[in-house]
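Participant: Sharing a structure, written as structure tokens. Questions coming.
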There are 2 protein chains.
Amino acid sequence: MNNDTRHLVVEIERLRADLLTMGRLAEERLREAMDSLVHRNLEALRAVIGGDARMDRVHVEIDHQCFTLLALQQPVATDLRTVVAALKIATDLERVADLAVNIAEAGLRYLHHPPVKPLIDLPRMATLAMKMLSEAIDAFVRRDLGLAHGVLRQDDWLDGLKGQIFRETLTFMLSEPRRIEPATDLILISRHLERVGDHATNIAEDVIFMVSGRDVRHGSHRLAPEDTGERRRSTPTPIV
Amino acid sequence: MNNDTRHLVVEIERLRADLLTMGRLAEERLREAMDSLVHRNLEALRAVIGGDARMDRVHVEIDHQCFTLLALQQPVATDLRTVVAALKIATDLERVADLAVNIAEAGLRYLHHPPVKPLIDLPRMATLAMKMLSEAIDAFVRRDLGLAHGVLRQDDWLDGLKGQIFRETLTFMLSEPRRIEPATDLILISRHLERVGDHATNIAEDVIFMVSGRDVRHGSHRLAPEDTGERRRSTPTPIV
């Protein structure tokens, strides 16, 4: 392994570690938003809305690393796909943190009213969405195709939970029209959680492309242009 | 200009043209969804939900072009930022097309009921969201910083319209509880349109980074690592 290759390996490991950190921060924000909603903690919800400077810093740092890697190391094949996946995944994680803010905002409005009903399905949906997110990030870090495919399969369950919450909340609104306002916020929160699941799905698809060179979006199953059977970073090809 | 440089220029022009095509297709789908909703055209809504093979094809093609460019041409500085921006923008446009499907789905549910009220603010919101999207794509194609900054400014108006629709629809639901179900779908459609605006904003931010090397997210204003005063593609630097 020459110096350049070793440097690239080190840089890509650092990228992986930073994405893991960013993922954990995004999950933390989401958990904070949901826990604060369930425990009716206004102060903590406001803290989530205030944003997270660490998260922003890590995101800028990851983008910076990716551009530097692309410009200076000019990676190819799996390494190239890893760097591009990292750029996309960081964007998805930033959106997840934005969704935590959206949840906290709807949560704050919701808490201005007496409780609509015990919150059971929504925390369940949040748990599933966070599990998908966490597994998608682990799939990236470990380059684990099975884990990534598992994330894709869970999206239907999340969708089912969302539909159930929508129907139940509508029924509730019809029977208690005075409570329409807070109930609407519960529906909006379920939509935000659905989107967390969408981002986990995006990440899983990026991981599948990164590891296998196969594009599983649009059912196209197209191979990466630079994928010529090569699978592991430890056997770099000189070009494509 | 040597052969390699000329080849890169041609490839990047092609990328720009393809992104413009993808942008127009996304706008078309959105317009189709909103027009069909306003004119209560169930058949046309179902066609939107059916998806668009052209859109999928162009997206896969753009990703393919970007990876080939990165692997074979190893662009630096502005060119590198253009290719990475193209990858991100294509993802945003794909999500916009998904949102057109979400709008059509909510529209179909909505049309199962008698009209709630004349749809005025929602089409207005759609017009603004599509204008932002169209300007963001033009900003990418023309590398126009002013246009990109203009898109960022319009996001507040879109947010204002969304808030207005939310308040009006809640008031309506409180006075006409029997109509809660279709009214909820109007709120969801306004949220989908808000997200179209979010994607236009993302694209505008990518354009600003691409042209100026400045990261305007998170108020960080960090310069691109490879940005060393060089601004135009016609004066490539050998490395960074």
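Participant: Of the residues B:A126, B:A200, B:A224, which single one is within 26 Å of A:D56 (Cβ to Cβ), at pLDDT 95 or above and not polar (S, T, N, Q)? Spell out how you get there, then give the answer.
Facilitator: On the way: B:A126 fails: within 26 Å of A:D56 (Cβ to Cβ); B:A224 fails: at pLDDT 95 or above.
Exactly one residue qualifies, and that residue is B:A200.
Participant: Would you mind finding the one in B:R24, B:R29 that is modelled with pLDDT of 95 or more and crowded, with 18+ Cβ neighbours inside 10 Å? So that I can check it myself, show each step before the final result.
Facilitator: On the way: B:R24 fails: crowded, with 18+ Cβ neighbours inside 10 Å.
After applying the criteria, what remains is B:R29.
Participant: Quick check on B:A77: is it on the phi > 0 side of the Ramachandran plot and within 14 Å of another protein chain (Cβ to nearest Cβ)?
Facilitator: yes
Participant: Can you spot a residue in segment A:111-126 that is more than 18 Å from the chain's Cα centre (by Cα), charged (D, E, K, R) and outside any helix (DSSP H, G or I)?
Facilitator: Yes, segment A:111-126 has at least one match.
Participant: From the residues in segment A:134-182 that are under 21 Å from the mean Cα position of the chain (by Cα) and polar (S, T, N, Q), which one is surrounded by the fewest Cβ atoms within 10 Å (Cβ to Cβ)?
Facilitator: Once the filter is applied, the top-ranked residue is A:S134.
Participant: Exactly one of (1) among the β-branched types (V, I, T); (2) at pLDDT 95 or above; (3) closer than 28 Å to A:T78 by Cα is unmet by B:I49. Its number?
Facilitator: For B:I49, the failing item is (3).
Participant: Is there any pair with a first residue in segment B:169-191 that is more than 7 Å from chain A (Cβ to nearest Cβ) and over 17 Å from A:T169 (Cα atoms) and a second that is of a type in the set (A, V, I, L, M, F, W, C) and outside any helix (DSSP H, G or I) whose Cβ atoms are under 9 Å apart and which are 6 or more apart or on different chains, and what are they?
Facilitator: Taking only residues 6 or more apart or on different chains, the pairs are B:F172/B:V116.
Participant: Could you tell me whether segment A:228-236 includes any residue that is surrounded by fewer than 18 Cβ atoms within 10 Å (Cβ to Cβ), at the interface with chain B (Cβ under 9 Å from one of its Cβ atoms) and modelled with pLDDT under 90?
Facilitator: No, every residue in segment A:228-236 fails to be surrounded by fewer than 18 Cβ atoms within 10 Å (Cβ to Cβ), at the interface with chain B (Cβ under 9 Å from one of its Cβ atoms) and modelled with pLDDT under 90.
Participant: Can you tell me which of (1) touching a Lys or Arg at 6+ places or on another chain (Cβ under 9 Å); (2) within 9 Å of another protein chain (Cβ to nearest Cβ) is the one B:T82 doesn't meet?
Facilitator: Going through (1) touching a Lys or Arg at 6+ places or on another chain (Cβ under 9 Å); (2) within 9 Å of another protein chain (Cβ to nearest Cβ) one by one, B:T82 breaks only (2).
Participant: Enumerate the pairs (first residue in segment A:25-42 and within 15 Å of A:L186 (Cβ to Cβ); second residue anywhere and of a type in the set (V, I, T)) with beta-carbon separation below 6 Å, excluding pairs fewer than 6 apart on the same chain, so at least 6 apart or on different chains.
Facilitator: Qualifying pairs under 6 Å: A:A33/A:V48; A:A33/A:I103.
Participant: Do we have any residue at all in segment A:57-70 that's out of contact with any Asp or Glu (no Cβ under 8 Å at 6 or more places or on another chain), surrounded by 17 or more Cβ atoms within 10 Å (Cβ to Cβ) and either farther than 22 Å from A:L8 by Cα or more than 9 Å from chain B (Cβ to nearest Cβ) (or both)?
Facilitator: No, there is no match, as no residue in segment A:57-70 is out of contact with any Asp or Glu (no Cβ under 8 Å at 6 or more places or on another chain), surrounded by 17 or more Cβ atoms within 10 Å (Cβ to Cβ) and either farther than 22 Å from A:L8 by Cα or more than 9 Å from chain B (Cβ to nearest Cβ) (or both).
Participant: Let me ask something else. Do you know which of the residues in segment A:1-16 that are within 19 Å of A:H64 (Cβ to Cβ) and free of Cβ contacts under 8 Å to residues at least 60 places away in the same chain is surrounded by the fewest Cβ atoms within 10 Å (Cβ to Cβ)?
Facilitator: A:V10
Participant: If B:M22 passes every condition in (1) out of contact with any Ser or Thr (no Cβ under 8 Å at 6 or more places or on another chain); (2) among the hydrophobic types (A, V, I, L, M, F, W, C); (3) without any contact (Cβ under 8 Å) to a residue 24 or more places away in the chain but one, which one does it miss?
Facilitator: (3)
Participant: For segment A:13-44, what are the residues that are over 20 Å from the mean Cα position of the chain (by Cα) and aliphatic (A, V, I, L, M)?
Facilitator: Selection gives A:L37, A:V38, A:L42, A:A44.
Participant: Can you tell me which residue is nearest to the other protein chains (Cβ to nearest Cβ) among those in segment A:96-106 that are surrounded by 20 or more Cβ atoms within 10 Å (Cβ to Cβ) and either under 9 Å from the mean Cα position of the chain (by Cα) or at pLDDT below 95 (or both)?
Facilitator: A:A97
Participant: Restricting to segment A:155-213, count the residues that are among the aliphatic types (A, V, I, L, M) and within 17 Å of A:P115 (Cβ to Cβ).
Facilitator: Counting residues in segment A:155-213 that are among the aliphatic types (A, V, I, L, M) and within 17 Å of A:P115 (Cβ to Cβ) gives 8.
The values are calculated or read from the model by the stated rules, or taken from the named source; none is laboratory data. Everything numeric here is computed off the predicted structure, so don't read it as measured data. Don't worry about glycine lacking a Cβ; one is built from the backbone with ideal geometry, like all the others, and counts go over all protein chains shown.
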